[in-house]
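**Student:** The structure's right below; bear with me while I get my questions together.
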Amino acid sequence: MKLFRFLLCLTIGLTATAAYAQPNYMLSTKKEGTVALSLGAMALGNLWSSQQLQGFTEAELMALDASSVPAFDRWSLQRWNEGAGHRSDLLFYGAAAWSSTAVLIPAWQEKNVWASLPAAVMWVEMNSLTLMATDLTKNLVSRPRPFTYYNAAPLADRMDSDARKSFFSGHTSMTAANSFYAAKMYSDLYPDSRWKPWVWTAAAVLPAITAQQRMAAGKHFLSDVLVGYVVGGFIGYMVPEFHRRR
């Protein structure tokens, strides 16, 4: 019920703001309706798939064969580093804070708080799309995390259903989405800024470091973070582009 209340509120909110325009971005009933329907479909799929996901038994953990992992993914095996996991959390929060600040740029430029409404709606859409796409894929693919192959990792964590959610990396996808969203917003609103190369460099490096920390923590394989980077970066870039005034 909470899920449906969230989707109902999101749909009403997107529809209510659909006619609002800002010099660089335009909300529309068609675009926001498409996003809301996409989110609704993914949420329903995610609700069903999450109920199918079960944790490992000890017998299943013992049967895991590291040799079945592709060679390019084996770097993450035999790793369990909670410090790296905490650092990846901080990197994600930093990216979210950066993108949240970018939402305020139109209001600052026009000295009108309502000028940031399109940016705020896009920020919600960007994060919701990335989160739903990531979690739905995790539940459907059900790939064991690297630490499930490592006997030194805590047994409770290895047996938890979350241990089957390796592909693809949510920390990497969410960090990339927020970083690329912030850089895209800055580029659109300050097209002649000499800081653009540095902004885009930061946007590219932040999720890359996050990806490395997720692998160091034993949470993800290389293929998990590469796909997460691409998916998150694509959504973070395309949501503002999708709403640009032509």
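The values are calculated or read from the model by the stated rules, or taken from the named source; none is laboratory data. These numbers come from a predicted model, not from an experiment. So basically every Cβ, Gly included, is an ideal-geometry build from the backbone, and we count neighbours across all protein chains shown.
**Student:** Which of the residues belonging to region 86-119 are of a type in the set (A, V, I, L, M), without any contact (Cβ under 8 Å) to a residue 60 or more places away in the chain and in a helix (DSSP H, G or I)?
**Tutor:** Leu90, Ala97, Ala107, Val113
**Student:** Looking at region 187-221 only, could you name the residues that are touching a Lys or Arg at 6+ places or on another chain (Cβ under 9 Å) and farther than 23 Å from Asn24 by Cα?
**Tutor:** Once the filter is applied, which keeps residues that are touching a Lys or Arg at 6+ places or on another chain (Cβ under 9 Å) and farther than 23 Å from Asn24 by Cα, region 187-221 yields Ile209, Thr210, Gln213, Met215, Ala216, Ala217, Gly218, Lys219, His220, Phe221.
Yes/no matrix, rows are residues, columns are (1) modelled with pLDDT of 95 or more; (2) closer than 16 Å to Lys219 by Cα; (3) among the hydroxyl-bearing types (Ser, Thr, Tyr):
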| site | (1), (2), (3) |
| --- | --- |
| Asn46 | no, no, no |
| Gln51 | no, no, no |
| Phe56 | yes, yes, no |
| Leu61 | yes, yes, no |
| Ala71 | yes, no, no |
| Arg87 | yes, yes, no |
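**Student:** State all residues of region 147-162 that are surrounded by fewer than 19 Cβ atoms within 10 Å (Cβ to Cβ), polar (S, T, N, Q) and under 18 Å from Ala66 (Cβ atoms); if no residue qualifies, say none.
**Tutor:** The answer is Asn151, and nothing else.
**Student:** From the list Asn178, Asn151, pick out the single residue that is closer than 16 Å to Phe92 by Cβ and either in a helix (DSSP H, G or I) or of a type outside the set (A, V, I, L, M, F, W, C) (or both).
**Tutor:** Asn178 is the lone residue from the list that is closer than 16 Å to Phe92 by Cβ and either in a helix (DSSP H, G or I) or of a type outside the set (A, V, I, L, M, F, W, C) (or both).
**Student:** Just a yes or no: is a residue in region 119-133 under 15 Å from Asp188 (Cα atoms) and among the polar types (S, T, N, Q)?
**Tutor:** Taking every residue of region 119-133 in turn, none turns out to be under 15 Å from Asp188 (Cα atoms) and among the polar types (S, T, N, Q).
**Student:** Then there is this: Looking for something surrounded by 17 or more Cβ atoms within 10 Å (Cβ to Cβ), under 21 Å from Ala36 (Cβ atoms) and charged (D, E, K, R) - is there at least one such residue anywhere in region 115-135?
**Tutor:** yes
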